[in-house]
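Student: Pasting a structure here, questions to come.
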Amino acid sequence: LKLILSKSKRNMRSIDIHDHVKGRSIYLDDIPLIQGTLFARVFTSNVAHGRIIKLDISKARDLEGVHKVLISSDITGINQIGGIIDDEPLMAENIVDFIGMPIALVLADSESIARKACKLIDCKIEAFEEITDPRIAYEKGALIIPSKKFILGDTESTWSSCSHIFEGKADINGQEHLYIETQGAYAQPVEGGKIKVYSSTQGPTAVQRAVAKVTGMEMHSIEVDVTRIGGGFGGKEDQANAWAALCALGTHITGRPVKYSLSREEDIYMTGKRHPYSADFKIGFDNKLKILAYEVTFFQNAGAAADLSPAVLERTLFHCTNAYFIPNVIAIAHCCKTNLPPNTAFRGFGGPQGMFVIECAIAIAAPKLNCKASDIQKANLITTGDVFPYGQLAESEAETSWQQFEDRFDLKKMQQDVDQFNKENIHLKKGLAVQPICFGISFTKTLMNQARSLVHIYTDGSVGITTGAVEMGQGVNTKIAQVAAHIFSLPIDKIRIYSTNTTRIANTSPSAASATADLNGKATLMACEAIKERLKKVVISIADTKEQNSDIEIRDGLVFLDSLETKITWQELISKAFEQRVSLSEHAHYATPDVHFDWSKGKGHPFSYHVYGTSVTQVTVDCIRGNYEIDFVKVVHDYGQSMNPMIDLGQIEGGIVQGIGWMTCEDVFYDEKGKLRSNALSTYKIPDIYAAPKEIDIIPLITDKENLAILQSKAVGEPPLMYGLGTYFAIENAIQSFNPTVPRRMNAPYTPEKVLLALYGSKDL
Ligand code: MTE
Ligand code: HPA
Ligand code: MOS
């Protein structure tokens, strides 16, 4: 296996670590305040669906310290922030569609005055009937876009040749992003009527576009800058736009800086979450556990506006057969409009929901086929050359990862130990579940697969880089610095990564789809290579050689030409290049080759590659109390060749625990009136250190295949979250061994309360 990066270049800490630990890293709230800054706060609807019949802002406006109260009619541009479809007003005009929908914007001298002023707004809303359930929305025809469908083979004519057919329903709840840094923005006036916006966003260009639209300005008059964000997890792919647009509108109208940093409470109730789904499935097998046919219908709870739901819906379809080859598939997905805050991107982007449902189908079938779910999983893994329902041929690592997983972990022995434990214990039961994963890398919207990088070498030899990548804790800046360090063979401290800024890098895709390091890293690679080519000529000119194909390298600050020391230092080389008037800067553009998709046919090649892996999760359920512990998660994961194992391990561990949270304790709860009841950390439980697995064992899959990833280091941001799915089925298996008479229920998450009810066969579930 040839390594692309040397060991010392791979084993590198995140370049952010020291500042993070010392509290020196800059987030939105760390930006020094400019004198005259106004603080914003929105007044929002407390009714999920209705018409505004009275809106009196006079008392709020007259409060001392309030500078202005803006409503939709004050908007200088267009009252529209819809991302995919123009269906989302920034502030309600007369109809409100969800609780938390902004109606008015208060601009005041302090946050506390803004808060007080909001309480003085007199608003009456005539309530209409609200919908919170996607199936009811579907029945009423409330769809955001026409339904989408993938077809492979012919299920209809296959059912008759199936030896076993099972049908069922699966439900899966949403998830609160709970990034540590809440949403927010800080807009500042700039000379000539321009506006600079600091935003906690994954998508600086999306913010720039939304601000331009809402203010009525042109994009070149708006500069968006992001140093880093304190987590996004998809929640800031486009839902950062609203706060930035509100602040910029305030600045545009008042000429003053405007800041809005949401409180946790505001953030939780106003912003959208992972999409809950309800699904119906039908699955058919031959008598050798092969899946012959699969039909699935997804009802996606999109919330009150499109936001990114149509794209999320598409990824649900792309991943509805997970890591399995099924020759006959019909998958249908409905984007259902409900009166909840618009749901949005969340790590996995609809993929995990699609994968959950096929795993439910397998879990339902297994006991009836007298086998373990893992027998079915193993028998149906996709192999290289098999076709996905969307037409792309697999370059599969599903079987290799399963094989290496079995070589490494003795699955049979694990199962025997669990069976033995369960025989010996009455009130504690263990459950085991295997979870293969397969996740496509690339934005499913082909045009988004492009990125740019701007690299400067300064005359002292130090390097500064801007890309479209947003650092959100996933370590992308370190990876980009590693790329430059690798190409120039420089130590990492010679490289600086600058803030993401729309004046330096334009028209960026959001940092999302796990593709940020691939896209921006490859653009950086291209820019560095181009400069290096020019430097090579300079070296050749001063080293007095005719060899044009020479390779240059820097070792301990000295330039080597074809492995021969030249006595020229890097700094001398750069000075010389400058003297010779050679450009030390490059702006490069990368577009992922060969990706395409035709929605009219539902076929194409949407992904540049797939990431695979296999995990096993063991849980112990306390059958008196209903709570549980996760004994371990063991994984063989397909990194390709990780360019930074420390960062990638962090991504895998974080993804797994986030996936476990979604499957276990995190339970988003809207009441029938559309009001979020799990609106604080006291009512919305995320996994703490006790809920995390006692052991997480991650083994890299060993392969030497080429792939399109940056330096052969496969994307790692989202795929590991899906190992978390196994937790649900491990818990279900433990429940079954305590009480085999309870029907298998497929309704995630398995909170301890639900586990307790399930253990004793409660009808309340
Ligand atoms: N890791 C941290 N620490 N914080 C985050 O917000 N977001 C996840 C993942 N890992 C996230 C994270 C999501 S949803 C995505 S799409 C990827 O990181 C985005 O970054 P990447 O493309 O560089 O992997
Ligand atoms: N992933 C994440 N974000 C996206 C995607 C995707 O596939 N498509 C559009 N936005
Ligand atoms: Mo990630 S859900 O693509 O931001």
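The values are calculated or read from the model by the stated rules, or taken from the named source; none is laboratory data. Computed from a predicted model, the values in this text were never measured in an experiment. Neighbour counts are summed over all protein chains in view; Cβ atoms, including those assigned to glycine, are modelled from backbone coordinates with ideal geometry. Accessible surface areas use protein heavy atoms only, side chains included; no ligands, DNA or RNA. Shrake-Rupley method; radii C 1.70, N 1.55, O 1.52, S 1.80 Å.
Student: Out of (1) crowded, with 24+ Cβ neighbours inside 10 Å; (2) modelled with pLDDT under 95, the odd one out for GLN641 is which?
Tutor: Exception for GLN641: condition (1).
Student: Looking at ALA279, ALA311, which one is closer than 28 Å to GLU130 by Cβ, among the small types (Gly, Ala, Ser) and either in a loop (DSSP other than H, G, I, E, B) or away from ligand 3 (no atom under 16 Å from the Cβ) (or both)?
Tutor: None of the other options fit; the residue is ALA279.
Student: Here's something else I'd like to know. If I ask for residues that are aliphatic (A, V, I, L, M) and over 21 Å from the mean Cα position of the chain (by Cα), which ones from region 629-647 would you list?
Tutor: Within region 629-647, ILE630, VAL633, VAL636 qualify.
Student: What are the residues in region 47-65 that are surrounded by fewer than 16 Cβ atoms within 10 Å (Cβ to Cβ) and either within 16 Å of VAL96 (Cβ to Cβ) or of a type outside the set (Lys, Arg) (or both), if any?
Tutor: Across region 47-65, the qualifying residues are ARG51, ILE53, LYS54, ASP56, SER58, ASP62, GLU64, GLY65.
Student: Out of GLU579, GLU565, GLU586, which single residue is away from ligand 2 (no atom under 16 Å from the Cβ), free of Cβ contacts under 8 Å to residues at least 40 places away in the same chain and touching a Leu at 6+ places or on another chain (Cβ under 8 Å)?
Tutor: GLU565
Student: Okay, moving on. In region 340-376, what residues are open to solvent by 10 Å² or more (accessible area, probe 1.4 Å), more than 16 Å from ligand 3 (Cβ to nearest atom), part of a loop (DSSP other than H, G, I, E, B) and touching a Phe, Trp or Tyr at 6+ places or on another chain (Cβ under 7 Å)?
Tutor: Within region 340-376, LEU369 is the sole residue that qualifies.
Student: Could you go through region 216-233 and let me know if any residue there is touching a residue at least 24 places away in the same chain (Cβ under 8 Å), touching a His at 6+ places or on another chain (Cβ under 7 Å) and within 30 Å of ALA331 (Cβ to Cβ).
Tutor: Yes, that holds for at least one residue.
Student: Still on this structure, please answer the following. Identify all residues within region 535-549 that are part of a loop (DSSP other than H, G, I, E, B) and either open to solvent by less than 10 Å² (accessible area, probe 1.4 Å) or not acidic (Asp, Glu) (or both); write none if there are none.
Tutor: Those that are part of a loop (DSSP other than H, G, I, E, B) and either open to solvent by less than 10 Å² (accessible area, probe 1.4 Å) or not acidic (Asp, Glu) (or both): THR545, LYS546, GLN548, ASN549.
Student: Right, another one. Taking into account only those residues within region 711-732 that are more than 10 Å from ligand 1 (Cβ to nearest atom) and under 26 Å from ALA485 (Cβ atoms), which is surrounded by the fewest Cβ atoms within 10 Å (Cβ to Cβ)?
Tutor: GLN712
Student: Taking ILE326 as the residue in question, decide whether it is in contact (Cβ under 8 Å) with a residue 60 or more places away in the chain and touching a Ser or Thr at 6+ places or on another chain (Cβ under 6 Å).
Tutor: Here the answer is no, as ILE326 does not meet what is asked.
Student: Out of GLY255, GLY192, report the one residue that is away from ligand 1 (no atom under 14 Å from the Cβ), open to solvent by 10 Å² or more (accessible area, probe 1.4 Å) and without any contact (Cβ under 8 Å) to a residue 40 or more places away in the chain.
Tutor: Of the residues listed, the single one that is away from ligand 1 (no atom under 14 Å from the Cβ), open to solvent by 10 Å² or more (accessible area, probe 1.4 Å) and without any contact (Cβ under 8 Å) to a residue 40 or more places away in the chain is GLY192.
Student: Another question about this same structure. Name every residue in region 487-512 that is under 28 Å from HIS220 (Cα atoms), touching a strand residue (DSSP E or B) at 6+ places or on another chain (Cβ under 9 Å) and not hydrophobic (A, V, I, L, M, F, W, C), in order of residue number.
Tutor: ARG496, TYR498, SER499, THR500, ASN501, THR502, THR503, ARG504, ASN507, THR508, SER509, SER511
Student: Moving to a separate point now. How many residues does region 381-403 contain that are more than 26 Å from LYS148 (Cα to Cα) and open to solvent by 50 Å² or more (accessible area, probe 1.4 Å)?
Tutor: Number satisfying all stated conditions: 4.
Student: Which number in (1) β-branched (Val, Ile, Thr); (2) at pLDDT 95 or above; (3) open to solvent by 70 Å² or more (accessible area, probe 1.4 Å) marks the one condition that ILE689 misses?
Tutor: (2)
Student: Can we say GLU265 is open to solvent by 10 Å² or more (accessible area, probe 1.4 Å) and within 16 Å of ligand 1 (Cβ to nearest atom)?
Tutor: Judged against the criteria, GLU265 is not a match.
Student: How many residues are more than 20 Å from the chain's Cα centre (by Cα) and surrounded by fewer than 20 Cβ atoms within 10 Å (Cβ to Cβ) if we restrict to region 197-224?
Tutor: Going through region 197-224 one residue at a time, the tally reaches 6.
Student: Which residues, taken from region 291-320, are buried (at least 24 other Cβ atoms within 10 Å of the Cβ) and either more than 21 Å from the chain's Cα centre (by Cα) or over 30 Å from LEU381 (Cβ atoms) (or both)?
Tutor: ILE291, ALA293, TYR294, VAL296, ASN301, ALA302, GLY303, ALA304, ALA305, ASP307, LEU308, SER309
Student: Which ones in region 438-458 are away from ligand 3 (no atom under 16 Å from the Cβ), touching a Leu at 6+ places or on another chain (Cβ under 7 Å) and of a type in the set (A, V, I, L, M, F, W, C)?
Tutor: ILE457, the sole residue that qualifies.
Student: Another question, then. If I ask for residues that are assigned to a loop (DSSP other than H, G, I, E, B) and acidic (Asp, Glu), which ones from region 658-697 would you list?
Tutor: Scanning region 658-697 gives GLU666, ASP667, ASP671, GLU672, ASP688, GLU695.
Student: Let me ask another. Do we find that ALA293 is touching a residue at least 60 places away in the same chain (Cβ under 8 Å) and part of a loop (DSSP other than H, G, I, E, B) in this structure?
Tutor: No.
Student: Here's a follow-up. Scan region 486-525 for residues that are modelled with pLDDT under 95 and small (Gly, Ala, Ser) and jot them down.
Tutor: Listed by number, the list holds a single entry, SER489.
Student: If you scan region 641-651, which residues turn out to be within 21 Å of ASP704 (Cβ to Cβ) and touching a Gly at 6+ places or on another chain (Cβ under 9 Å)?
Tutor: Result: MET643, ASN644, ASP648.
Student: Okay, moving on. Go through region 506-543 and report how many residues are within 16 Å of ligand 1 (Cβ to nearest atom), among the aliphatic types (A, V, I, L, M) and touching an Asp or Glu at 6+ places or on another chain (Cβ under 8 Å).
Tutor: Of the residues in region 506-543, 2 are within 16 Å of ligand 1 (Cβ to nearest atom), among the aliphatic types (A, V, I, L, M) and touching an Asp or Glu at 6+ places or on another chain (Cβ under 8 Å).
Student: On the given criteria, is ASP518 of a type outside the set (Val, Ile, Thr) and crowded, with 24+ Cβ neighbours inside 10 Å?
Tutor: yes
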